[in-house]
């Protein structure tokens, strides 16, 4: 994948935001606001900071070593057995994990369109899959990048504007920034972190940075891109919690079905809220349905050392396979709980491994040069990795339970 210098200062960070602002995030944030009001806002602050820090690490890896995370995973182990282990771990966790996420994205997008039409969900599943195949088959990174930036700004405008209109209690919001765990809230804390800090985004961002920037001096631009894009993603997620808290929690209304989600946008869109929320949910599903197969293809291409990047047969086969897998799971109504559990297990396995590996590689002065980790970065990275690893182990433990 040849590096290309572009005039635009933004892009890769918005791919990350478009990936994590999907149906899962909208649903998890809505449930958090409906059940616990503003109490879990602190979770999103931590998750947003963690995502920003880890993605910044992948950006430095790409500029300092000239490799994306998948290529670094392939090059780091010296022994054949170790390399084989890393390859199997990455391919199984990322590729199959992305297929599980893809099913949720396609199902979420189809549910959004089903809210506003009488057309069966399976028809929309096929339409979303065809849209994803068409867009990715264009093999134009800049086009995909701009399209996803548009969707992110569209979603952010709707929820942030609604948050301002409903005039939430500022004191209650500030209390939400103070860490606290209401009874029975741990599963939603894990869901909020899991939907924001997504392992495949580490692979996607590092590969995208290599396409867009090449010089260590571009690190300032990368941070600017990440601060704006991931910060905006965090603001969207927090605004969803707030609008849901006002629409459901403060009025004593239980959130029990997807059809109720549109209630949050009624202060802004009135009678058209159902229609516009449905299309917004579709946009969230489509944006994430593009990034999941894209990330799986980048990861597989780098780990297996395929040449020609996005034009290689293997690259196309992986993203197409992820989409087809998502359609199969969606179309034949497989147990959605099994899909969610598998995705959580994949997240729990690969995120700690990828994070630890990032920290190791970023301390290799021979490869990283001036972008080598400093002591403060190692301490902060170590703390974050400990927390992420604990959550990952908890997810795996929960799977066996």
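Miscellaneous remarks
- Residue list for segment 167-189, filter: surrounded by fewer than 12 Cβ atoms within 10 Å (Cβ to Cβ) and farther than 13 Å from residue 40 by Cβ: 167, 170, 171, 174
- Yes/no for residue 186 being without any contact (Cβ under 8 Å) to a residue 12 or more places away in the chain and closer than 17 Å to residue 244 by Cα: no
- Evaluation of residue 128 against (1) surrounded by fewer than 21 Cβ atoms within 10 Å (Cβ to Cβ); (2) in contact with a helix residue (DSSP H, G or I) (Cβ under 6 Å, 6 or more places away or on another chain) (one fails), failing number: (1)
- Among the residues of segment 158-171, the ones that are over 18 Å from residue 31 (Cβ atoms) and in a helix (DSSP H, G or I) come to 7 in all.
- Comparison of 367, 363 shows that the only residue that is within 23 Å of residue 217 (Cβ to Cβ) and without any contact (Cβ under 8 Å) to a residue 60 or more places away in the chain is 363.
- For segment 305-315, a residue qualifies if it is surrounded by 16 or more Cβ atoms within 10 Å (Cβ to Cβ) and part of a helix (DSSP H, G or I), and the qualifying residues are 309, 310, 315.
- Within segment 264-291, the only residue that satisfies the criterion of being at pLDDT 80 or above and more than 24 Å from residue 119 (Cβ to Cβ) is 291.
- Here residue 261 passes the criteria (1) crowded, with 24+ Cβ neighbours inside 10 Å; (2) under 20 Å from residue 37 (Cα atoms); (3) at pLDDT 85 or above except the one numbered (3).
- Filtering segment 14-46 to residues that are within 24 Å of residue 290 (Cα to Cα) and either free of Cβ contacts under 8 Å to residues at least 60 places away in the same chain or more than 11 Å from the chain's Cα centre (by Cα) (or both) leaves 26, 27, 28, 29, 30, 44.
- For segment 134-149, residues that are modelled with pLDDT of 75 or more, assigned to a helix (DSSP H, G or I) and touching a helix residue (DSSP H, G or I) at 6+ places or on another chain (Cβ under 9 Å) total 3.
- Those residues of segment 5-21 which are within 10 Å of residue 212 (Cβ to Cβ) and either at pLDDT below 80 or surrounded by fewer than 17 Cβ atoms within 10 Å (Cβ to Cβ) (or both), in sequence order: 5, 6, 8, 9, 10, 11
- For residue 244, the stated conditions hold: it is surrounded by 24 or more Cβ atoms within 10 Å (Cβ to Cβ), over 20 Å from the mean Cα position of the chain (by Cα) and part of a helix (DSSP H, G or I).
Matching residues to (1) touching a helix residue (DSSP H, G or I) at 6+ places or on another chain (Cβ under 9 Å); (2) at pLDDT below 80; (3) crowded, with 23+ Cβ neighbours inside 10 Å:
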residue: 37; (1), (2), (3): yes, no, yes
residue: 46; (1), (2), (3): yes, no, no
residue: 53; (1), (2), (3): yes, no, no
residue: 66; (1), (2), (3): yes, no, no
residue: 88; (1), (2), (3): no, yes, no
residue: 93; (1), (2), (3): yes, yes, no
residue: 98; (1), (2), (3): yes, yes, yes
residue: 111; (1), (2), (3): yes, yes, no
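Table: residues versus (1) under 16 Å from residue 59 (Cβ atoms); (2) surrounded by 16 or more Cβ atoms within 10 Å (Cβ to Cβ); (3) at pLDDT 75 or above; (4) touching a helix residue (DSSP H, G or I) at 6+ places or on another chain (Cβ under 6 Å).
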{"residue": "339", "(1), (2), (3), (4)": "no, yes, no, yes"}
{"residue": "342", "(1), (2), (3), (4)": "no, yes, no, yes"}
{"residue": "348", "(1), (2), (3), (4)": "no, yes, no, yes"}
{"residue": "359", "(1), (2), (3), (4)": "yes, yes, yes, yes"}
{"residue": "385", "(1), (2), (3), (4)": "no, yes, yes, yes"}
{"residue": "389", "(1), (2), (3), (4)": "no, yes, yes, yes"}
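The values are calculated or read from the model by the stated rules, or taken from the named source; none is laboratory data. This structure is a prediction, so every number in the text was calculated from the model and none was measured. Note that we place each Cβ from the backbone using ideal geometry, even for glycine, and neighbour counts take in every protein chain shown.
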